[in-house]
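Colleague: Can you keep this structure in mind? I'll have questions shortly.
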Amino acid sequence: MTQEESSSTARPRANREENSALSLEELLYSSSSYHAIAVPVTITMILSALTVIYINTDETIEAGEDALSVYETFHPSSEASTAQNLGISLVNTLIMVCVIGAMTFVIVLLYKYRCMKILLGYMMFSSAMLLGFLGGVIFDVAINKYELDIDQFSFYFFLVNFASVGVAAIFWQKGIPRYVTQGYLISTSVILSWQLSHFNAWTAWALLFMLALYDLCAVLTPCGPLKALVNLMQRDNAPEMPGLLYEAQLPREARRPGSGTNVAPSTTQQIERPSPGSTDQPVGEEEVSREHPETLVTDDSPITGFIPLAIAKLYRLSLTEPVQTSDSFTPLLEDESEPTTNDALAQHYTTEQLVTEVEAVFPRGGGRIDREDRNGEVRYVVKDRHGIVKRILLVDDSGRVLEQRQTSGDDAEEDDNSIKLGLGDFIFYSLLTAKAAQYSFATFAACMLVILAGLGGTLVLLAVYRHALPALPISIALGIVFYLLTRVVIEPWIETIFQMPLYV
């Protein structure tokens, strides 16, 4: 075997090893994400089931069904057949989902045109009413059922403080511990799932099914409202939308695949031109310009920023005003050995030109380069389209571009290392387990386990595809299937086994 054949054979082997390492990184990130998000989801489902079972009476269940019946255009009845009740429930829930979709489009429009005062005001009012009014209803049912002694002043004083602190923790968040905000988000999910559990069984299960389909279409289709909202929230300088997402912090060692690594703050290295076949690509045009085309900005105004000419030329960015090259121009490939990128720039421009900040045009839907001034040191942070820091650059007095590396410190702590799950997912997971708990403990346990299994599968897909995915379809589908399987097949089979005498 010749040397050339040996190198060509070794290259695919190296590529396979690299793909294997990447898959392992994705698997480790998925397991860390699952552990971080499965704990609050499990707590929410258990609390919802306990609340529905132990803070309810026959009177409250009947009153709740009557109150929620106003949302049903057609009403199932015990006299109708199973197929008729199923069809009526699907039509009712289809109307509900259409209304939810229309309201979501309104939220997207308010967010797109920066009507944040209207949007946040509505969300804060809704959250206050949910925590104060519906929370008060649950508290009142518990007081009457278990005959708790509490005076009227203390009751209302508690509700006002509970709702006020909840709104501040969810929407203000500054100076409030993270676990307080997370606790109120879980409380919101439990309270709302308790209220929705008063739907009759036909409407509740049909609603879960239709919401799973809606979530699939709203997130993955090009015209989906949730996809549009996610794209808007991923833009630079996009305002925050608290109250919609539950954020769980990941361990420091769990890093998002492809997000880069942190290196020591005092270490710098000179940027070199990428070598052929290199897998660890240095600074180049691809980090800024080669991004996914489906997230292009739709307006016509160019996105610009002021950065040194040396960095702009390294990334091959267009300039709003051209810069003349120096008189000492020499061809880029004059020598046999390929020069470094800094050396190549020095052949074209003077030192004064390289360190001068120019207005560069960033690609639409691509990354950005932000200027930061810390303790008198100016540095330039390269970010991808998701806002993830790819590298930190410095420009010295001679016009050379250096990369700052860091392994620990403030930048590592500031890097966003968390997993986010929509609050609606918490609510409808809890609704499913609460309705299952109303039948038996076996159906509750089966549904809770398969929901967690579906959530794990969704997180694996999230690590592979690396963009927003719907969290309801897999878990809700598994929950409905195993609820029916447990209720119709497993429980009757176990009861039959218990009734038969066994001789050992």
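Colleague: Pairs only if they're at least six apart or on different chains, beta carbon under 6 angstrom, first in region 56-83 and basic (K, R), second at pLDDT 85 or above and surrounded by 11 or more Cβ atoms within 10 Å (Cβ to Cβ); list them, first residue then second.
Modeller: Listed pairs, sorted by first residue: none to list.
Colleague: Which residue pairs have Cβ atoms under 7 Å apart, sit 6 or more places apart or on different chains, and have a first residue in region 448-461 that is touching a residue at least 24 places away in the same chain (Cβ under 8 Å) and a second that is open to solvent by 30 Å² or more (accessible area, probe 1.4 Å) and of a type in the set (S, T, N, Q)?
Modeller: If the second residue must be open to solvent by 30 Å² or more (accessible area, probe 1.4 Å) and of a type in the set (S, T, N, Q), the pairs left are L452/T42.
Colleague: Among the numbered criteria (1) in contact with a helix residue (DSSP H, G or I) (Cβ under 8 Å, 6 or more places away or on another chain); (2) in a helix (DSSP H, G or I); (3) farther than 28 Å from I186 by Cβ, which one does I95 miss?
Modeller: (1)
Colleague: May I pose another question? Taking region 115-168, which residues are among the hydroxyl-bearing types (S, T, Y) and within 26 Å of the chain's Cα centre (by Cα)?
Modeller: Within region 115-168, Y122, S126, S127 qualify.
Colleague: For region 85-119, name all the residues that are without any contact (Cβ under 8 Å) to a residue 60 or more places away in the chain and either of a type in the set (V, I, T) or touching a Pro at 6+ places or on another chain (Cβ under 8 Å) (or both).
Modeller: Correct list: V91, I95, V99, V106, I118.
Colleague: Still on this structure, please answer the following. Assess whether A446 counts as being part of a helix (DSSP H, G or I), over 16 Å from the mean Cα position of the chain (by Cα) and surrounded by fewer than 21 Cβ atoms within 10 Å (Cβ to Cβ).
Modeller: So A446 does not fit the description; no.
Colleague: Restricting to region 473-504, count the residues that are of a type in the set (A, V, I, L, M, F, W, C) and surrounded by 16 or more Cβ atoms within 10 Å (Cβ to Cβ).
Modeller: Count: 6.
Colleague: Return the residues of region 343-385 that are modelled with pLDDT of 80 or more, among the charged types (D, E, K, R) and outside any strand (DSSP E or B); say none if nothing qualifies.
Modeller: E352
Colleague: State all residues of region 68-105 that are within 17 Å of P225 (Cβ to Cβ) and either surrounded by fewer than 13 Cβ atoms within 10 Å (Cβ to Cβ) or among the aromatic types (F, W, Y) (or both); if no residue qualifies, say none.
Modeller: Scanning region 68-105 gives C98, V99, A102, M103, F105.
Here is a yes/no grid of residues against (1) buried (at least 17 other Cβ atoms within 10 Å of the Cβ); (2) at pLDDT 95 or above; (3) within 22 Å of M241 (Cβ to Cβ):
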{"site": "E147", "(1), (2), (3)": "no, no, no"}
{"site": "D151", "(1), (2), (3)": "no, no, no"}
{"site": "N161", "(1), (2), (3)": "no, yes, no"}
{"site": "K174", "(1), (2), (3)": "no, no, yes"}
{"site": "V180", "(1), (2), (3)": "no, no, yes"}
{"site": "T203", "(1), (2), (3)": "yes, no, no"}
{"site": "D215", "(1), (2), (3)": "yes, no, yes"}
{"site": "L220", "(1), (2), (3)": "no, no, yes"}
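Colleague: Determine if region 42-62 includes at least one residue that is modelled with pLDDT under 90, in a helix (DSSP H, G or I), open to solvent by less than 30 Å² (accessible area, probe 1.4 Å) and of a type in the set (S, T, N, Q).
Modeller: no
The values are calculated or read from the model by the stated rules, or taken from the named source; none is laboratory data. Source: prediction; values computed, not measured. Because the Cβ atoms are built from the backbone with ideal geometry, glycine has one as well, and the counts that use them run over all protein chains shown. Just so you know, the surface numbers come from the protein's heavy atoms only, side chains and all, with ligands and any DNA or RNA stripped out. Shrake-Rupley method; radii C 1.70, N 1.55, O 1.52, S 1.80 Å.
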